[in-house]
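The values are calculated or read from the model by the stated rules, or taken from the named source; none is laboratory data. Just so it is clear, the structure is predicted and the values come from calculations on it, not from any experiment. Please note: Cβ atoms are built from the backbone with ideal geometry, for glycine as well, and neighbour counts cover all protein chains shown. Each accessible area value is taken on the protein alone, full model and side chains, heavy atoms only, with ligands, DNA and RNA left out. Shrake-Rupley method; radii C 1.70, N 1.55, O 1.52, S 1.80 Å.
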Amino acid sequence: MQKVLSERIKRIPQLNKSSTSNLGQKTESTTPSLSAGVASRPATSASSGPIANMPIFPTAAANPPASGTSVAGVTTATNYEAVRRAQELAARMGFRHDPQFAPIINMFPGQTVTPDGTIPQKPTKAPVLRLDAQGREIDEHGNVVNVTKPSNLSTLKVNINKQKKDAFEILKPVLEVDPESNPHFDERMGIDKTKLLRPKRMNFMFVEEGKWSRDAESIKLKSKFGEAQAKEQKAKQAQLAKAKAAPDINPNLIEITERVVIKEKLKDQIPEIEWWDLALLHSGNYGDIADGPIGEDKLKMEKITFYVEHPRPIEPPAEPAPPPPQPLKLTKQEQKKLRTQRRIAKEKERQEMIRQGVIEPPKPKVKMSNLMKVLGAEATQDPTRLEKEVRNAAAEREQAHIDRNIARKLTPAELREKKERKLFDDPNTLDTLVSLYRINDLSHPKARFRVDVNAQENRLTGCSVICDGISIVVVEGGSKSIKRYGKLMLRRINWSDFSKEKEEDEDSDDDKPANKCVLVWQGSIAKPSFNRFSVHDCITEAAARKVFVDAGVPHYWDQAVNYVDDEAS
């Protein structure tokens, strides 16, 4: 076998020379062929080893192509098989490959050589996915392929939050006592010390009162003045608040009053028997049932029924609900407009019900003036009868109108109640007004009568103290009565007339000031100090002041005596 191969190798240069000579005559103007390039270096190929003289192109050398390129014969299927067999034979005999024939040997059937002598690249095959029984990727030899996990490049909010959560450091709970400090603690028991004790609970963090309002105020200042000016405004407000909180008066001048002691409500003593057991026991105490079982002879079995007794519900203590919003105050013109709209809507609704047959239509309103228009030909048939019917219908309508007015008319008691509501306030109101008047001279009987009678008619309480040189009138009552009485004292009564009448009877005194009435003070109190209105004639000022002291209001007298009229000054 080796001899045959050696002989064939010796013939290769001669075959190459003959093939190159035949090809050179036809392709002188074209690019030099690959076989000519191979035959131009017989010495180099031969020196590289015995594989250089191997008859790789037996068929192509013996039968060169008549036309076309020099490698056209190589690309046929027969030549390809011959090249492959020669390559396998050389590999079994231990010959190495010559890089000169690598492009030709590695060619596939149907491949062609480009004019510059290069061969197009072999198209890449689609990768084949191989998996084992466990679903892991393996190569052609059965080895597991380690595929790197692709990094998550998604920027979704969920993934970002998950990364933040993973990166967040979770602190271990702080234990009150370390179990390892216990000398009797055994680690071999497998007890997790992080689960042995409960962690310390977090304390409640209450928001300070007024924090959110201060934050809202600072944001408002920033948006209005800017950040720099907002700080200045905030500092000014803090200084003003501090100045208002500081006391401006001397604490030594404050009048010391009695300390109000708030008595704590004593707790109820524990009863000998509860109220829910009292109705069930014959003896009325727990002595009979303290020892041993409870027999039927000790209980009132007739009180035990299948009914469930519910205790009386008690409303929880809470602040009263805020008052409802006040209705919008309308002008007279708006009230008339709304009244007209309501009447039109009511009339339309009544007409619609008549049209649907829900209510009967009203009878025609026949009068003597429109008798012929309404009845027409019927009026001429029996005019006497129709006239009588029309007059009777008119009388019925008039009587119905009178009856409706009588039904709407109030009874005498309702009239009195309505008049009282108009003249006086609601007696259940807790607010009581007080008016304090000062008069120079109230000695005239006519003036005294008017002051006394008007106070009683207006249901006012108080007193009228008449003294030499000064008279004081105090009235207590509702707002309506106080308003009417104030008009009487300050406008209706002409006090100067009473002084003139008195001067005519007595000797005139030019130095005496004019008689007049002034309102010293008006305000509200929690409860009235007088039970009725009374008139007191006092000789001295001490006796006059004692009237107010007995009522518990001596400051009324002091205020009226020390009052200085602005107009007089």
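Of all the criteria given as (1) open to solvent by less than 90 Å² (accessible area, probe 1.4 Å); (2) modelled with pLDDT under 75, the one not satisfied by Tyr286 is (2). State whether the residues of the range 546-566 include one that is out of contact with any Gly (no Cβ under 9 Å at 6 or more places or on another chain), open to solvent by less than 100 Å² (accessible area, probe 1.4 Å), closer than 16 Å to Val465 by Cα and basic (Lys, Arg). So far as the range 546-566 goes, no, none of its residues is out of contact with any Gly (no Cβ under 9 Å at 6 or more places or on another chain), open to solvent by less than 100 Å² (accessible area, probe 1.4 Å), closer than 16 Å to Val465 by Cα and basic (Lys, Arg). Scanning the range 117-129 for any residue that is part of a loop (DSSP other than H, G, I, E, B), modelled with pLDDT under 70, touching a helix residue (DSSP H, G or I) at 6+ places or on another chain (Cβ under 9 Å) and polar (S, T, N, Q) turns up at least one such residue. Pairs meeting the criteria (first residue in the range 408-437 and closer than 10 Å to Gly478 by Cβ and part of a strand (DSSP E or B), second residue open to solvent by 100 Å² or more (accessible area, probe 1.4 Å) and among the charged types (D, E, K, R), beta carbons under 7 Å, at least 6 apart or on different chains) are Thr432/Lys527. Cβ-Cβ distance below 8 Å, separation of 6 or more or different chains: which pairs start in the range 212-224 with a residue that is part of a helix (DSSP H, G or I) and end on one that is of a type in the set (Gly, Ala, Ser)? What qualifies is Ser218/Ala230; Leu221/Ala230; Lys222/Ala230; Lys224/Ala230. The listed residues are Glu352, Glu315, Glu309, and the only one of them that is of a type in the set (D, E, K, R) and surrounded by 10 or more Cβ atoms within 10 Å (Cβ to Cβ) turns out to be Glu352. Every condition in (1) open to solvent by less than 60 Å² (accessible area, probe 1.4 Å); (2) more than 17 Å from Ser481 (Cβ to Cβ) is met by Glu378 except one, and the failing one is (1). For the range 130-148, give me each residue that is open to solvent by 70 Å² or more (accessible area, probe 1.4 Å), in a loop (DSSP other than H, G, I, E, B) and either modelled with pLDDT under 70 or not charged (D, E, K, R) (or both). Hits for the range 130-148 are Ala133, Gln134, His141, Asn143, Asn146, Val147, Thr148.
Would it be correct to say that Lys418 is surrounded by fewer than 10 Cβ atoms within 10 Å (Cβ to Cβ) and at pLDDT below 95?
Working: surrounded by fewer than 10 Cβ atoms within 10 Å (Cβ to Cβ): no; at pLDDT below 95: yes.
Answer is no for this residue.
Looking only at the range 448-474, which residues are among the basic types (Lys, Arg) and within 21 Å of Leu423 (Cβ to Cβ)? If the condition is that a residue be among the basic types (Lys, Arg) and within 21 Å of Leu423 (Cβ to Cβ), then Arg450, Arg459 are the ones that fit.
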